[in-house]
Each structure stands twice: as C-alpha cells, then as structure tokens.
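These notes are about the structure you will find just below.
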Amino acid sequence: MTKERKGEIALLIWKSYLKKKPISFTDLKRELGNVAKEIDVPLNELEEFARELFKELLEETFGK
C-alpha cells in the first residue's frame, strides 16, 4: 500500500470520527496545540490541516 493511499484512508477515518463526535470550537485551539506537541507537527500546519478538514466536512454536510 502506498503512503498516499494510507493518507487517504487516514483522512477518511478522521472524517468519519469527526462526523460522530461533537466538536467544541471553544476548546479546539487548545486541543490542536496538545495534538501538535503529541505528534510532533508544527501547530500552524495542523491548524491548516484542520481548517481544510472542517471545511470539507461542512461542505459534505450542508453542501457548497
């Protein structure tokens, strides 16, 4: 399995998880900071990833 395909599957798993879990936007910034440290990814990259992911989820849920 390619690294790209693994990434696609991981993204689908995250989308599925987030659709089922309530999102507390008030705690989101702190959570992203904690996760960034835990997985050793720069916070700005993780924030950019989260923005894109949430945008996709909103579009899938409510349409463009």
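Restricting the first residue to segment 35-63 and requiring it to be free of Cβ contacts under 8 Å to residues at least 40 places away in the same chain and outside any loop (DSSP other than H, G, I, E, B), which pairs with a second residue that is surrounded by 10 or more Cβ atoms within 10 Å (Cβ to Cβ) and of a type in the set (Val, Ile, Thr) meet a Cβ separation below 7 Å and a spacing of at least six or different chains?
Leu46/Val35
Out of all the residues in segment 19-32, which are surrounded by 10 or more Cβ atoms within 10 Å (Cβ to Cβ) and out of contact with any Leu (no Cβ under 6 Å at 6 or more places or on another chain)?
Taking segment 19-32 as the starting set, the residues that turn out to be surrounded by 10 or more Cβ atoms within 10 Å (Cβ to Cβ) are 19, 23, 27-32.
Once the filter is applied, which keeps residues that are surrounded by 10 or more Cβ atoms within 10 Å (Cβ to Cβ) and out of contact with any Leu (no Cβ under 6 Å at 6 or more places or on another chain), segment 19-32 yields Lys19, Ile23, Asp27, Leu28, Lys29, Arg30, Glu31.
Which residues, taken from segment 41-64, are more than 14 Å from Lys19 (Cα to Cα) and aromatic (Phe, Trp, Tyr)?
Let us first name the residues in segment 41-64 that are more than 14 Å from Lys19 (Cα to Cα), namely 41-49, 51-52, 63-64.
Phe49, the sole residue that qualifies.
With the condition kept exactly as written, say whether any residue in segment 1-13 is part of a helix (DSSP H, G or I), free of Cβ contacts under 8 Å to residues at least 40 places away in the same chain and of a type in the set (Ser, Thr, Tyr).
Of all residues in segment 1-13, those part of a helix (DSSP H, G or I) come to 3-13.
Retained after the next criterion (residues that are free of Cβ contacts under 8 Å to residues at least 40 places away in the same chain): 3-10, 12-13.
Subset that is of a type in the set (Ser, Thr, Tyr): none.
Checking segment 1-13: not a single residue is part of a helix (DSSP H, G or I), free of Cβ contacts under 8 Å to residues at least 40 places away in the same chain and of a type in the set (Ser, Thr, Tyr).
Taken together, the values in this text are just the output of simple stated rules run on the coordinates, not laboratory data. The structure presented is a predicted model; accordingly, all values stated were derived computationally and were not measured. Counting neighbours? That spans all protein chains shown, and the Cβs are built from the backbone with ideal geometry, glycine included.
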